[in-house]
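Asker: If you scroll down you'll find the structure; I have some questions about it.
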Amino acid sequence: MKVADVVVVGGGVIGASIALELAAENLGVVVLDRQRPGREASWAAAGMLSPGPDSPDAVPLVPLAKESMRLYPEFIASIEELSGKATAFARKGVVEVFTAPHGEAERDKMVAEHLALGLAIEPVAADIARKAEPALGPAICAAAWLPQEATLDPRMLMDALLAAATHRGVEIHMDSPVDSMLLDGNHCTGVMTRGTNVSAKCVVIAAGCFSAAIDWLGRYAPTRPIRGQLLALESKNVSLGRTLRSSQAYLVPRPNGRIIAGSTLEDAGFEKHVTPAGVRKILDGVLELAPAFANAQLVDAWAGLRPGTPDHLPILGPTDIRGLYIATGHYRNGILLAPATAKLLTRWILGGKPELDTERFSPLRFIDAKPRSAKTAKTVS
């Protein structure tokens, strides 16, 4: 039997960040991933770090997102130092654009909402935006400048993050799907993977959209997959200095010259593949945003499965089972929220209380009146 202080189930950006933070507290951490760590939502992401809400449902997330943005420079510096690897982290801001007929009114509404939430934003005239980014198309009638937003390359981040965690002594196992939880009364004492018990004082479930499928954990983490398709473009004639975004599409420049274009939001179950309809939707949005990319080369396309939740908010914190913690359901914000999530889970595990109000994110919000079946909980003595 393998023994650890903490078992983290899931090796994406959330699980790996939690493991890295726990290891900094001299805890023995084992990470178990059902496939190759970091190859699901984290690998598929565009890498925008945007603390502003993208819908009314996301407004409760803003304080956590702002805190995570505050932590990001230190987070990146630590990872890059430990791993010796770059992440392409850059804070160059974002140009958000709006089209007729209601573009100016929509821009002004967004500016007012962001300012009320304490987020930096400035209204910009369309002609000024085009001078800064000539690729912007004629359909743009208004723009906003979000100077504090940042980007990184998620694949570079995961490579560096996993290397940093390993450097700190985290034990990472791929192809290790968790079959069941181990309980001793009301205490979670570990997990079972491929018929092998892994004993631990605490277990953190950070398995993204696969969390709900583990044993009886759906009562705390009713996640579901939301497919996102993305494209990579290359152009010899068009370049971007910063991310461009509209309600229909975004374009994120990479240091290697590629432009990441996205994305879709599809409730398609666990079907993870690129579709003609998805590609067309992205390209329609891209060509309205920046028609200059009409002759760009489409060099790659991929899809990932984001972890959605019933209320579109993450699931964070302790459960009513001692030693069992949840950190999943980050939907479109896993990369952004990784530093703050790691700090929160570490504080809970060490017996502290979070400084932020996390009640809206509690796993207990989904519990129904029915008790767990005795048949579903593996008990060890």
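Asker: Among the acidic types (Asp, Glu) and within 14 Å of residue 176 (Cβ to Cβ), is that true of residue 33?
Answerer: Yes; evaluated as a whole, the condition is true for this residue.
Asker: Looking at 127, 153, can you tell me which residue is charged (D, E, K, R) and surrounded by fewer than 19 Cβ atoms within 10 Å (Cβ to Cβ)?
Answerer: 127
Asker: Which one of 97, 3, 29 is in contact with a Leu (Cβ under 6 Å, 6 or more places away or on another chain) and either surrounded by 21 or more Cβ atoms within 10 Å (Cβ to Cβ) or touching a residue at least 12 places away in the same chain (Cβ under 8 Å) (or both)?
Answerer: Only one candidate qualifies: 29.
Asker: In the stretch 271-295, what residues are over 23 Å from the mean Cα position of the chain (by Cα) and either outside the structural domain of residue 240 (by TED's automatic domain parsing) or hydrophobic (A, V, I, L, M, F, W, C) (or both)?
Answerer: Within the stretch 271-295, 277, 283, 287, 289, 290, 292, 293, 294 qualify.
Asker: Considering the stretch 216-240 alone, what residues qualify as being touching a strand residue (DSSP E or B) at 6+ places or on another chain (Cβ under 9 Å), farther than 16 Å from residue 264 by Cα and surrounded by fewer than 20 Cβ atoms within 10 Å (Cβ to Cβ)?
Answerer: Residues satisfying the conditions are 216, 222, 234, 235, 236, 238, 239.
Asker: Of the conditions (1) assigned to a strand (DSSP E or B); (2) over 28 Å from residue 351 (Cβ atoms); (3) out of contact with any Gly (no Cβ under 9 Å at 6 or more places or on another chain), residue 30 clears all except one; give me its number.
Answerer: It fails just one condition, (2).
Asker: Looking at (1) free of Cβ contacts under 8 Å to residues at least 12 places away in the same chain; (2) among the hydrophobic types (A, V, I, L, M, F, W, C); (3) closer than 30 Å to residue 300 by Cα, find the lone condition where residue 44 falls short.
Answerer: Checking residue 44 against (1) free of Cβ contacts under 8 Å to residues at least 12 places away in the same chain; (2) among the hydrophobic types (A, V, I, L, M, F, W, C); (3) closer than 30 Å to residue 300 by Cα, the one that fails is (1).
Asker: Could you identify the single residue in 59, 111, 30, 97 that is farther than 30 Å from residue 141 by Cβ and modelled with pLDDT of 95 or more?
Answerer: 30
Asker: For the stretch 63-83, what are the residues that are touching a residue at least 40 places away in the same chain (Cβ under 8 Å), aliphatic (A, V, I, L, M) and either within 19 Å of residue 168 (Cβ to Cβ) or surrounded by fewer than 18 Cβ atoms within 10 Å (Cβ to Cβ) (or both)?
Answerer: If the condition is that a residue be touching a residue at least 40 places away in the same chain (Cβ under 8 Å), aliphatic (A, V, I, L, M) and either within 19 Å of residue 168 (Cβ to Cβ) or surrounded by fewer than 18 Cβ atoms within 10 Å (Cβ to Cβ) (or both), then 71, 76, 79, 82 are the ones that fit.
Asker: Here are the criteria: (1) in a loop (DSSP other than H, G, I, E, B); (2) modelled with pLDDT of 95 or more. Tell me which single one residue 355 does not satisfy.
Answerer: Condition (2) is where residue 355 drops out.
Asker: Taking only pairs six or more apart or across chains, which ones have beta-carbon atoms under 9 Å, a first residue in the stretch 345-357 that is farther than 12 Å from residue 327 by Cβ and in the same structural domain as residue 328 (by TED's automatic domain parsing), and a second residue that is modelled with pLDDT of 95 or more and part of a loop (DSSP other than H, G, I, E, B)?
Answerer: The qualifying pairs are 350/25; 350/27.
Asker: Taking the residues in the stretch 173-207 that are within 30 Å of residue 273 (Cβ to Cβ) and touching a Gly at 6+ places or on another chain (Cβ under 6 Å) as candidates, determine which candidate is surrounded by the most Cβ atoms within 10 Å (Cβ to Cβ).
Answerer: 206
A quick yes/no check of all residues on (1) among the charged types (D, E, K, R); (2) out of contact with any helix residue (DSSP H, G or I) (no Cβ under 9 Å at 6 or more places or on another chain):
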| position | (1), (2) |
| --- | --- |
| 115 | no, yes |
| 131 | yes, yes |
| 134 | no, no |
| 143 | no, no |
| 147 | no, yes |
| 152 | no, no |
| 158 | no, no |
| 165 | no, no |
| 168 | yes, no |
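Asker: When the residues of the stretch 273-323 are filtered to those that are surrounded by fewer than 20 Cβ atoms within 10 Å (Cβ to Cβ), among the charged types (D, E, K, R) and in contact (Cβ under 8 Å) with a residue 12 or more places away in the chain, which remaining residue is nearest to residue 183 (Cα to Cα)?
Answerer: Top of the filtered list is 322.
The values are calculated or read from the model by the stated rules, or taken from the named source; none is laboratory data. Keep in mind the model is a prediction, meaning the values are calculated, not measured. Here the Cβ is made from the backbone with ideal geometry for all residues, glycine too, and neighbour counts use every protein chain on show.
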